[in-house]
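Enquirer: Once you've had a glance at the structure underneath, I'll fire off some questions.
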Amino acid sequence: MQPSAKNYSISDASTVNLPNFDDWIISLQKISKTYRKYGSFLPTQIELLKNVHDGLLSSNSRVLEFAAPPASGKTHVIALCASYFEAQGIASCVVAPNRELASDFVRESHNIESRLIPEVLTIGNYVRKIKQFGFALIDEAHNLRSGLELCPEIVKTIHIARESSLYKILLHRIEQTGLIAKELNTESAHDTLTTLRKYGDFSGLAKILGTLTEWRTFLFQTEQGLDIKFLSTNPQRRDLIPKKRLLLFSATPLDEKELQFYCNINPASTRVFSKITHSNEHMTNVDYLFVDCATELEKTRLVSSALTGLKITTLLLLNNNKECLKWSRVLSHQHERRVITIRSHVSYSTRVQQYQKFAGSKNGILVTSSSVFWEGINISGLRIVIIPNPPYPQPTLLEVASGVHPPYEAVVRRRLTQGAGRVGREPNLPCVSVLLFKPRGMAFDGVTGEAMTQALQNLLPSAKEIVKYVR
């Protein structure tokens, strides 16, 4: 049974001692090297700081949610606030959904002048060290779900390759229902664990088998085989609240059901500060275009042709591993030395090695289906992002557990907003975001393939003006 979510209130913790907003801004300006470099904060940064200030002083909740659009300077604000809290004597940390974004925050800490720099952690490391902190600031909080599903303290995953004899033995448990994912009842979970122990060498199974009532078991069919996931039902294990305050930052709205299911946080006990009056999805230095291609062949031919002779850093975001490999093969025929591939489910070391190769090239084409590159990460010098197909996701544990079809269109729009937001982060650098399909309810301009190619060619005069500093 799903345990009831906890309600948190300020009575459970103390708050930070903040001056009035104008004095607080002056305090932050003194430790911000970015402020001294540019002479001001961005309007979106001021607005986000105002929301943080209001939230900490006016709310009775220990869980506060803040929204800020892509390229709003959110990274600096989070690092700045965490450093301020640390200087106030409150042990604080910044939490990122993946190691690449954590590295961004480590670099951002160099733009803050303070002897007390807060620790930067991935979600998995935060879960293990949570009791050490009074304040925790989580960036890209809409990605909490994916981060927690990769956290072995909360979700233990066993992968069964298609080539394994276990694959055929276990596959019938899915095929009986015709679903690509399902939750197993206790009896079926016990049989599955027993089978795994009989035919494979998997660590930790005996412990799960001995405490099976503390886990929910899910079976997923993927391109690579089967994933068996064990979700902890222990509410203390899934409690992300530090000693005092949890601050959640996101460029898109948080899913209240996800907060309750994964983090055991009752949405009624949180306060949302998400009013954004400056910029939303679009940056003024980016052309947002779509070409409604009729076939996949038309898409690959158009992109391959448009990138010919265009020595500009480019990112192609694919929806799944199969599409990633297909596009890599096609583009490599004409752009072999430029194409760098990061497919899904590769090891962290492999992903970093390939990304560093891409980052070190002056005109690389990164083709990837890794979710890391859809949102959160800042790619220096990136000027073109191309998304060939709508990013429909695989079902999450929450969706399988509830038996409810996910709001696919909302998920697609969120991922498209994030994907398109990978460019345009340097205001003086012209960029282009391209979709090769007609989006629903999003302000992209429909153009012909020729017009799209021309828009990309128009980037060439300023290609040498790439600024590596991303604010």
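Enquirer: What distance in nm separates the simple spin-label points at Ser269 and Glu113, each placed 7 Å from Cα in the Cβ direction?
Expert: Each label point is offset 7 Å from its Cα along the Cβ direction, giving 4.1 nm.
Enquirer: In debye, nearest 20, what is the charge dipole magnitude of the chain about its Cα centre with +1 on Lys and Arg Cβ and -1 on Asp and Glu Cβ, if you could check?
Expert: Rounded to the nearest 20 debye, it is 980 debye.
Enquirer: How fast does region 286-465 diffuse by Stokes-Einstein, in µm²/s, taking the Kirkwood radius from C-alpha pairs at 37 °C and 0.692 mPa s?
Expert: Once the numbers are plugged in, D ends up at 196 µm²/s.
Enquirer: Listed highest first by mean packing, meaning other Cβ atoms within 10 Å per residue, what order do 199-206, 43-50, 314-321 come in?
Expert: The packing order, highest mean first, is 314-321, 43-50, 199-206.
Enquirer: Right, here's the next one. What are the GluC sites (Glu not before Pro) within region 150-236 that DSSP puts in a loop, where the Cβ has at most 15 other Cβ atoms within 10 Å?
Expert: For GluC sites (Glu not before Pro) across region 150-236 that sit outside H, G, I, E and B with at most 15 neighbouring Cβ atoms in 10 Å, the list reads Glu153, Glu163, Glu223.
Enquirer: Determine how many Å³ per residue the convex hull of the Cα atoms of the chain encloses.
Expert: It is 152 Å³ per residue.
Enquirer: In region 286-465, how many lysine pairs have Cα atoms under 28 Å apart, counting only pairs 8 or more places apart or on different chains?
Expert: 20
Enquirer: Continuing with the same structure: Determine, from the Cβ-Cβ distance of Arg301 and Asn60 and an R0 of 41 Å, the FRET efficiency 1/(1 + (r/R0)^6), rounded to the nearest 0.05.
Expert: Efficiency, rounded to the nearest 0.05: 0.10.
Enquirer: Here is a follow-up. State the extension gain, in nm to one decimal, for the chain segment bounded by Lys131 and Gln224, taking 0.36 nm per residue of separation less the distance between their alpha-carbons.
Expert: 29.8 nm
Enquirer: Based on the alpha-carbon gyration tensor of region 219-350, what equivalent-ellipsoid semi-axes (square roots of 5 times the eigenvalues) come out, in whole Å, largest first?
Expert: Each semi-axis is the square root of five times an eigenvalue, giving 39, 24, 14 Å.
Enquirer: According to a simple spin-label model (label point 7 Å from Cα along Cα-to-Cβ), what is the distance in nm between Phe437 and Ser103?
Expert: 3.0 nm
Enquirer: May I ask you to derive the FRET efficiency for Ser40 and His333 from their Cβ-Cβ distance with R0 = 41 Å, giving the value to the nearest 0.05?
Expert: Efficiency, rounded to the nearest 0.05: 0.25.
Enquirer: OK, next. Over region 103-213, how many percent of alpha carbon pairs lie in each 10 Å bin up to the one with the longest distance?
Expert: Using 10 Å bins, I get a P(r) of 10, 30, 26, 18, 12, 4, 0 for region 103-213.
Enquirer: In deg cm²/dmol, rounded to 500, what helix-only [θ] at 222 nm does the chain give when every DSSP H run of at least 4 residues adds -39500 (n - 2.57) and the total is split over its residues?
Expert: -11000 deg cm²/dmol
Enquirer: Report the gain in length on full extension from Ala206 to Ile180: 0.36 nm times residue separation, minus Cα-Cα distance, nm rounded to one decimal.
Expert: Between Ala206 and Ile180, full extension yields an extra 6.7 nm.
Enquirer: With 10 Å bins from zero, work out the P(r) of region 155-232 over every alpha carbon pair and list the percent per bin.
Expert: The distribution over region 155-232 is 19, 59, 21, 0, given as percents.
Enquirer: Measure off 7 Å from each Cα along the Cα-to-Cβ vector at Asn20 and Tyr392, then give the distance between these two points in nanometres to one decimal.
Expert: 5.6 nm
Enquirer: Lysines near Lys182 by alpha-carbon distance under 20 Å, same-chain residues fewer than 8 away left out - which ones?
Expert: Cα-Cα hits under 20 Å: Lys156, Lys168, Lys229, Lys257.
Each reported figure results from applying straightforward, stated rules to the coordinates on display, with no laboratory input. None of these values were measured; they are calculated from a predicted model. FYI the Cβ positions are ideal-geometry reconstructions off the backbone, even for glycines, and counts take in every protein chain you see.
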